[in-house]
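Asker: Below is a structure I'd like to ask you about.
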C-alpha cells in the first residue's frame, strides 16, 4: 500500500511507511498529539511492591471485563509486574498528580511513605488516595519490540467519585492536564 500524498498544505507526511516504518522519534512526535489518561500500576510478585505510571491503559471488553497496558523493558517495575499473577491499576484524577509523579520517578522507593499505600485483603499493594482502582488477574502477555502488552481480567474495583465530580489526569505533549467542566465541548 502506497503512502498517500498530503491533502493540504497543513497536512504532513512524516515518513514513507513502505521503507521500514516511522523512526522512534517520528512515532513519538505523532503520539505527543494524542492525549492519554494516566494510571499507576502496582504489583508484588513476592519480592516487595513496585509501581509505575502508565498512559497506555485502555479497556478491551466489558464482557468479560478486560483491560490492557504496555510496559517497557526499561521500567524498573517491569520484572515484578511481568511475573505477578495479580495487580492493581489506579485510574488517576488531577488530585492524584503526586501519585503519577511518584510512579514516574526513577531511583526512588515508591513505597517509603507508608501513609500513601496499604495492601488489599488479597495482598496487592494499592495507593489509598486513588479515587478509582481495579484489581485484576493477568490473563495474557504479548512481547512487542522492547515492551510487553499485558491483558488483565478485572476482578474487583473501587470507585469513590462519579464521572461528574472527578477531574481526570491527562498527559498531552509532555505536559500534565486535567479534564473538567472547563474543558467540556458542546457538540
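The values are calculated or read from the model by the stated rules, or taken from the named source; none is laboratory data. Bear in mind that the values here come from a model prediction, so they are computed numbers and not experimental data. Quick reminder, even Gly has a Cβ in these numbers, built from the backbone with ideal geometry, and neighbours come from all protein chains shown.
Asker: Does residue 66 count as surrounded by 13 or more Cβ atoms within 10 Å (Cβ to Cβ) and out of contact with any helix residue (DSSP H, G or I) (no Cβ under 9 Å at 6 or more places or on another chain)?
Answerer: Values: surrounded by 13 or more Cβ atoms within 10 Å (Cβ to Cβ): yes; out of contact with any helix residue (DSSP H, G or I) (no Cβ under 9 Å at 6 or more places or on another chain): yes.
Here the answer is yes, as residue 66 does meet what is asked.
Asker: To continue, here is another question. How many residues are closer than 10 Å to residue 93 by Cβ, surrounded by 12 or more Cβ atoms within 10 Å (Cβ to Cβ) and either at pLDDT below 85 or out of contact with any helix residue (DSSP H, G or I) (no Cβ under 6 Å at 6 or more places or on another chain) (or both) when one looks only at region 158-169?
Answerer: The first filter runs over region 158-169 and keeps only residues closer than 10 Å to residue 93 by Cβ, leaving 160-161, 165-169.
With the extra rule that they be surrounded by 12 or more Cβ atoms within 10 Å (Cβ to Cβ), the set shrinks to 160-161, 166-169.
If we keep only those that are either at pLDDT below 85 or out of contact with any helix residue (DSSP H, G or I) (no Cβ under 6 Å at 6 or more places or on another chain) (or both) as well, we get 160-161, 166, 168.
The total comes to 4.
Asker: While we're looking at this one, here's another question. Right, residue 146: surrounded by 13 or more Cβ atoms within 10 Å (Cβ to Cβ) and in contact (Cβ under 8 Å) with a residue 12 or more places away in the chain or not? Talk me through it step by step, then tell me what you get.
Answerer: Numbers: surrounded by 13 or more Cβ atoms within 10 Å (Cβ to Cβ): no; in contact (Cβ under 8 Å) with a residue 12 or more places away in the chain: yes.
No: the conditions fail for residue 146.
Asker: Among the residues of region 105-122, how many are touching a strand residue (DSSP E or B) at 6+ places or on another chain (Cβ under 8 Å), assigned to a loop (DSSP other than H, G, I, E, B) and either loosely packed, with under 13 Cβ neighbours inside 10 Å or at pLDDT below 95 (or both)?
Answerer: Keep residues of region 105-122 that are touching a strand residue (DSSP E or B) at 6+ places or on another chain (Cβ under 8 Å), which gives 110-111, 116-120, 122.
Narrowing the set further to residues that are assigned to a loop (DSSP other than H, G, I, E, B) leaves 110-111, 116, 120, 122.
With the extra rule that they be either loosely packed, with under 13 Cβ neighbours inside 10 Å or at pLDDT below 95 (or both), the set shrinks to 122.
Here the count works out to 1.
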